[in-house]
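Before any comments, here is the structure.
The values are calculated or read from the model by the stated rules, or taken from the named source; none is laboratory data. These numbers come from a predicted model, not from an experiment. Neighbour counts run over all protein chains shown; Cβ positions are idealised from the backbone, glycine included.
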Amino acid sequence: DVAGVLKNASKKWDGGYAMAGMMGHGDSFVLRDPAGVRPAFYYYDDEIVVVASERPVIQSAMNLPTDAISEIPPGAALIVKHHGEVSIEQIKEPLAFKACSFERIYFSRGNDRDIYKERVELGRRLVPKLVEKVEGDVENTVFSFIPNTAEVSYYGVVKGMEDHFNNIKFDRIKALGTPTDEQLKEILAIRPRVEKVAWKDVKLRTFIADDSTRNELVSHVYDITHGSVGPNDNLVAIDDSIVRGTTLKQSILKIFDRLSPKHIIVASSAPQIRYPDCYGIDMARMGDFIAFRAAVALLTESGRSYLIEEIYQKCKAQESMPDSEIKNFVKEIYEPFTAVEISDKIAELLTPPEVRAKVSIVYQDIEDLHMSCPNHPGDWYFTGNYPTEGGNRVVNKSFIFYVEGKKERAY
C-alpha cells in the first residue's frame, strides 16, 4: 500500500518538494507538496513513465506536444506499481495553491510554452517605468539585457517599446496633418535602439555559485560590445532578478560604464527579493539580500535603527511557539519605505565609486508579477507571505541570525 505508507510518513512534513522513491519490490512514486510549491510534470504510455520538474524536458526527449504532458496535483502522488499500473493518489490535503513564481522568472527553462509567454509579459510590463526613468528620451536610449536568462523578458521590453514608438509615430504624423513623403520616411524610420551590449563568456550562473567563489567569478564572466552606446545615450539593461547585487557591483556596472553612457538603468523582471526561501532554493541568509541591506541602511539614515532591536525581540519571543502561531515580523523592516525608496537605495549601494554614469535600479511590481504569471501565485520571496507555516519560523530565525552575527543557514 504505497499510498498508505506515504500518508503515514508525511503527516508532519512542511515544505516544498517533488519527492521520488522506489521500493525494493519494484513499486515507485513521486509525491508533490500540498501547496504545489515545486513543479512536477509527468507522461506515461504503455511502455514508459517519466516525471520531471520541467515540461519541455519531457517534450524534447519524447517528442511530445505540450498538451500531452500532465502535472501531479498538489498533495498527490503518482504511483507506479511493479506490474506497470499507474495511478494518481491524494496523499495530503491540499493547501492554498502557491506554485513558485520564481521558477517562472529564473530557474525553469524558457522554452516552455507558458513560461516563454510569461517572461515576455514580465518584460512588457516594465516599459512604462523605463520610459519614465529616461524621462521620455527613448530615442537616445539603447535597450539590452544581461545574459542569459533575461533574454526572453528583454524581448517583451522590445515588443512594448515597439508599441510605444508606434504611438510616437502616430502622434507626429497626426500633428503634421499632410506630411510629405520625406517626412513620413523620417518618422517611420524611428524605432527602438536594441543592441547586444553584454556578453557572457562563461556558461555559469553566478547566482548559484558558492559564496567563496562568486566575487572572483563575476569579475571574469562578462564583456561588452564596444561602440554600441554613446556618451549622450541612456543604457537600459534587463536582468531576470537582482538578489545579492554581487554581479552588478563587481562586474556589470563597471563594464557598462566603459561605454560612457550618461545613465545606466538596470531593470529587474522580478520584484525586490526581500525574504529567504526554504523550499529548495538556497537563499537562506537575510544579510545576503540587497533589498534587506538597503532597508536597514534607510532605517539607520532616518534614525529608526531601534526598530531592528524591537523586531529582533519579537522574533525571539516566538522561538518556542508552535509553527501555526508564528508571524513574520521581518515585514516590519520594510514597512516605513516605499518600493521606490528601497530601489533608489539599492542603486546607491551597488554603484562602484569609480562609475561615472548615473545608475538607477527598476524592479517589477508585485501586481505586474501576478498579472504576468497568473497561475503561479507563490510570491514569498517578494512579499513574505509564506505558503506553509514553517516559512514564518525560517524567516524569523534568519533575521535572528543576522542580528546575532551568525552566518549559518536558518534551516
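Below are the figures for this structure:
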| item | result |
| --- | --- |
| Residue that is farthest from ASP379 (Cα to Cα), among those in segment 279-332 that are under 23 Å from the mean Cα position of the chain (by Cα) and of a type in the set (Val, Ile, Thr) | VAL296 |
| Of residues in segment 70-82 being touching a residue at least 40 places away in the same chain (Cβ under 8 Å) and not hydrophobic (A, V, I, L, M, F, W, C), the one farthest from LEU31 (Cα to Cα) | HIS82 |
| LYS331 vs. criteria over 18 Å from LEU235 (Cβ atoms), outside the structural domain of ARG113 (by TED's automatic domain parsing) and outside any helix (DSSP H, G or I) | no |
| Which listed residue, of ASP288, ASP257, ASP282, is under 30 Å from ASP137 (Cα atoms), of a type outside the set (S, T, N, Q) and assigned by TED's automatic domain parsing to the domain that holds LEU126 | ASP257 |
| Options LEU259, LEU253; residue that is surrounded by fewer than 24 Cβ atoms within 10 Å (Cβ to Cβ), among the aliphatic types (A, V, I, L, M) and part of a helix (DSSP H, G or I) | LEU253 |
| Residue list for segment 134-153, restricted to those being of a type in the set (Gly, Ala, Ser) and crowded, with 19+ Cβ neighbours inside 10 Å | SER144, ALA150, SER153 |
| Condition broken by PHE329, with the remaining ones in (1) surrounded by fewer than 18 Cβ atoms within 10 Å (Cβ to Cβ); (2) in contact (Cβ under 8 Å) with a residue 60 or more places away in the chain; (3) aromatic (Phe, Trp, Tyr) satisfied | (1) |
| Single residue of segment 84-118 satisfying the filter (in a loop (DSSP other than H, G, I, E, B) and either among the basic types (Lys, Arg) or free of Cβ contacts under 8 Å to residues at least 40 places away in the same chain (or both)) that is nearest to ILE238 (Cα to Cα) | ARG109 |
| Cross-chain or 6+ apart pairs with Cβ under 6 Å, segment 265-277 first and touching a residue at least 40 places away in the same chain (Cβ under 8 Å) and under 18 Å from PHE145 (Cβ atoms), then of a type in the set (Gly, Ala, Ser) and surrounded by fewer than 24 Cβ atoms within 10 Å (Cβ to Cβ) | ILE265/SER360; VAL266/ALA237; SER268/SER241; ALA270/SER241 |
| Residue identified as among the hydrophobic types (A, V, I, L, M, F, W, C) and surrounded by 15 or more Cβ atoms within 10 Å (Cβ to Cβ) among ILE48, ILE58 | ILE58 |
| Top-ranked residue of segment 291-319 - restricted to ones that are among the basic types (Lys, Arg) and in a helix (DSSP H, G or I), ranked as surrounded by the most Cβ atoms within 10 Å (Cβ to Cβ) | ARG293 |
| Meets criteria (under 24 Å from ASP112 (Cα atoms), acidic (Asp, Glu) and over 29 Å from the mean Cα position of the chain (by Cα)) for ASP45 | yes |
| Residue that is surrounded by the most Cβ atoms within 10 Å (Cβ to Cβ) [pool: residues in segment 158-200 that are part of a helix (DSSP H, G or I) and touching a Lys or Arg at 6+ places or on another chain (Cβ under 7 Å)] | GLY160 |
| Every residue from segment 1-27 that is in contact with a helix residue (DSSP H, G or I) (Cβ under 8 Å, 6 or more places away or on another chain) and closer than 15 Å to LEU78 by Cβ | MET23, ASP27 |
| Residue in segment 121-129 that is under 21 Å from LEU253 (Cβ atoms), at pLDDT 95 or above, of a type outside the set (Val, Ile, Thr) and out of contact with any Ser or Thr (no Cβ under 8 Å at 6 or more places or on another chain) present | yes |
| Criterion: modelled with pLDDT of 90 or more, out of contact with any Pro (no Cβ under 8 Å at 6 or more places or on another chain) and not β-branched (Val, Ile, Thr) - qualifying residue of LEU217, LEU248, LEU235, LEU253 | LEU248 |
| All positions within segment 23-46 that are among the aliphatic types (A, V, I, L, M) and at pLDDT below 95 | MET23 |
| Single match in SER70, SER87, SER10 (criterion: hydroxyl-bearing (Ser, Thr, Tyr) and closer than 25 Å to SER324 by Cβ) | SER10 |
| Residue identified as buried (at least 19 other Cβ atoms within 10 Å of the Cβ) and not assigned by TED's automatic domain parsing to the domain that holds MET22 among ARG124, ARG109 | ARG124 |
| Restricting segment 5-20 to residues that are more than 30 Å from the chain's Cα centre (by Cα) and without any contact (Cβ under 8 Å) to a residue 40 or more places away in the chain, the residue that is nearest to LYS98 (Cα to Cα) | LYS11 |
